[in-house]
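K.L.:
A single structure is presented below for examination.
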Amino acid sequence: VQRDILQTLNFEEDRMFAGTEDWLLWLKLAARHPFYYSNIVCASMIEHQNRSVLGFSEDKLIYRTNTLKKKLQEDEVFVAHYGSKNIQRIYAHMLSYTALHLAMSGVKIRAFNYFFKSIFAHFPELFTRRTLGIFKTILLK
């Protein structure tokens, strides 16, 4: 990304928002500039017990979810480009992400709670690969 483009957007430095601030930046960039991409996998992420994001509390996960939704709703360019329906879709995605993390932590009832909130926010979230992961984790742990 060219420096002059990045200088037009503020990077969120709120440490409670850590782990989502980069996604917010990319979403804002995508609303303002064309993206070119390749479907070739050029990186991977290894899941392990010491990954910092796995230690996030429920409060921090929900803070990140609500903050992302709020920041996107406040971004007039994003709303004009993608619409409020896509903000709901992203919100549902973040709720199901919270559900998966809580399931991985063994907090099954809270995981179900956030999973159902995600379905209520955007019904097609039910048909994602993450849904299978949530149920697999809840049933097998």
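The values are calculated or read from the model by the stated rules, or taken from the named source; none is laboratory data. Here the structure is a predicted model, which is why all the values come from computation and not from measurement. So basically every Cβ, Gly included, is an ideal-geometry build from the backbone, and we count neighbours across all protein chains shown. These area figures cover heavy atoms from the full protein model, side chains too; ligands, DNA and RNA do not enter into them. Shrake-Rupley method; radii C 1.70, N 1.55, O 1.52, S 1.80 Å.
K.L.:
Counting heavy atoms of the protein chains only and a 1.4 Å probe, report the per residue accessible area for segment 41-141 as a whole number of Å².
P.N.:
64
K.L.:
Could you please state how large a percent of the accessible area of the chain is carbon and sulfur, counting protein chains only and using a 1.4 Å probe?
P.N.:
On the way: 5470 of 9530 Å².
Roughly 57 percent of what the probe reaches on the chain is carbon or sulfur.
K.L.:
Please list, by residue number, every one of the GluC sites (Glu not before Pro) in segment 32-141 that is coil in DSSP and has at most 10 other beta-carbon atoms within 10 Å.
P.N.:
Taking segment 32-141 and a limit of 10 other Cβ atoms within 10 Å, the loop GluC sites (Glu not before Pro) found are Glu47.
K.L.:
For segment 7-14, in order, what is each residue's ³J(HN,Hα) by Karplus, 6.51 cos²θ - 1.76 cosθ + 1.60 with θ = phi - 60°, in whole Hz (x at glycine and Pro)?
P.N.:
6, 7, 10, 8, 8, 5, 9, 5
K.L.:
Let me ask another. If you line up the Cα atoms of segment 18-137 on their principal axes, what length do they span on each, largest first, in Å?
P.N.:
Principal-axis extents of segment 18-137 (Cα, largest first): 41, 34, 26 Å.
K.L.:
How high is the relative contact order of the chain, given as a whole-number percent (alpha carbon pairs under 8 Å, six or more residues apart)? Display every interim value, and only then the final one.
P.N.:
Numbers: 114 pairs, mean separation 27.5, N = 141.
The normalised contact order for the chain reaches 20 percent.
K.L.:
Let me ask another. Where in the chain are the DSSP H helices whose alpha-carbon span along the long axis reaches 30 Å or more and whose Kyte-Doolittle mean is at least -1.0?
P.N.:
76-104
K.L.:
Which entries of Lys28/Lys117; Lys71/Lys141; Lys28/Lys108; Lys85/Lys141 show an alpha-carbon separation above 32 angstrom in the structure shown?
P.N.:
From Lys28/Lys117; Lys71/Lys141; Lys28/Lys108; Lys85/Lys141, over 32 Å: Lys71/Lys141; Lys28/Lys108; Lys85/Lys141.
K.L.:
I've got another one for you. Starting from the 7 Å offset along Cα-to-Cβ, what nm value, one decimal, do you get for the label separation of Ala80 and Thr128?
P.N.:
Once both label points are built, they end up 2.8 nm from each other.
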